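Note sheet for the following structure.
The values are calculated or read from the model by the stated rules, or taken from the named source; none is laboratory data. Bear in mind the structure is a predicted one, so any value in this text is a computation, not a measurement. Positions of Cβ are generated from backbone atoms using ideal geometry, with glycine treated the same way; all protein chains shown enter the neighbour counts. The area values use the complete protein model at the heavy-atom level, side chains included, leaving out ligands, DNA and RNA. Shrake-Rupley method; radii C 1.70, N 1.55, O 1.52, S 1.80 Å.
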Amino acid sequence: MIGSDAFSFVNVLNKAANAAWKRNEVIDNNLANVDTPDFKRSDVTFETYLAKELTGRDTLSKKVRNLDLSKLGATTYLDHSTLDYRKDGNNVDVDTEEAYLADNQIKFYALLDSMTQEFSRIRSVLQR
């Protein structure tokens, strides 16, 4: 993490990008185990933690500046839903996982683009 208020947004975006990267890995693992009997799909929780940390009456800038980044982490969990797609107990659906993967990749690249824009803003201020 970069230790300056100027980089507060970048630090949060970095945490979100790390969570998206982790989600890609988890989805890839789900797809790799599509034929494993009794395998239960996994997923990652991050957005709910971020939303919880950003609640309140302050402005977004103030919330981000005062955010405790140690509370923001991506947590992997098993989906133990009673929904099994096959008789062998596996609950991974290839089409669903591929849709999640595509959605997550779009989010990941949007986060990278946002970080690039933040650095461009900082660079333009420093050049003046």
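Numbers below:
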| item | result |
| --- | --- |
| Filter pass, residue 122 being of a type outside the set (D, E, K, R) and surrounded by 12 or more Cβ atoms within 10 Å (Cβ to Cβ) | yes |
| Residue 34, sole failed condition from (1) open to solvent by 40 Å² or more (accessible area, probe 1.4 Å); (2) over 15 Å from residue 12 (Cβ atoms); (3) aliphatic (A, V, I, L, M); (4) at pLDDT 85 or above | (1) |
| Residue, surrounded by the fewest Cβ atoms within 10 Å (Cβ to Cβ), within segment 63-76, restricted to residues that are touching a residue at least 12 places away in the same chain (Cβ under 8 Å) and out of contact with any strand residue (DSSP E or B) (no Cβ under 6 Å at 6 or more places or on another chain) | 68 |
| Qualifying residue in segment 93-108 (condition: of a type in the set (S, T, N, Q), open to solvent by less than 60 Å² (accessible area, probe 1.4 Å) and assigned to a helix (DSSP H, G or I)) | yes |
| Flag if residue 43 is of a type outside the set (Ser, Thr, Tyr), within 23 Å of residue 102 (Cβ to Cβ), open to solvent by 40 Å² or more (accessible area, probe 1.4 Å) and at pLDDT 90 or above | no |
| Index of the failed condition, residue 63 passing every other in (1) touching a Leu at 6+ places or on another chain (Cβ under 6 Å); (2) of a type in the set (D, E, K, R); (3) under 20 Å from residue 13 (Cβ atoms); (4) part of a loop (DSSP other than H, G, I, E, B) | (4) |
| Residues of segment 34-79 classified as charged (D, E, K, R) and either in contact with a Cys (Cβ under 8 Å, 6 or more places away or on another chain) or closer than 17 Å to residue 16 by Cα (or both), total | 8 |
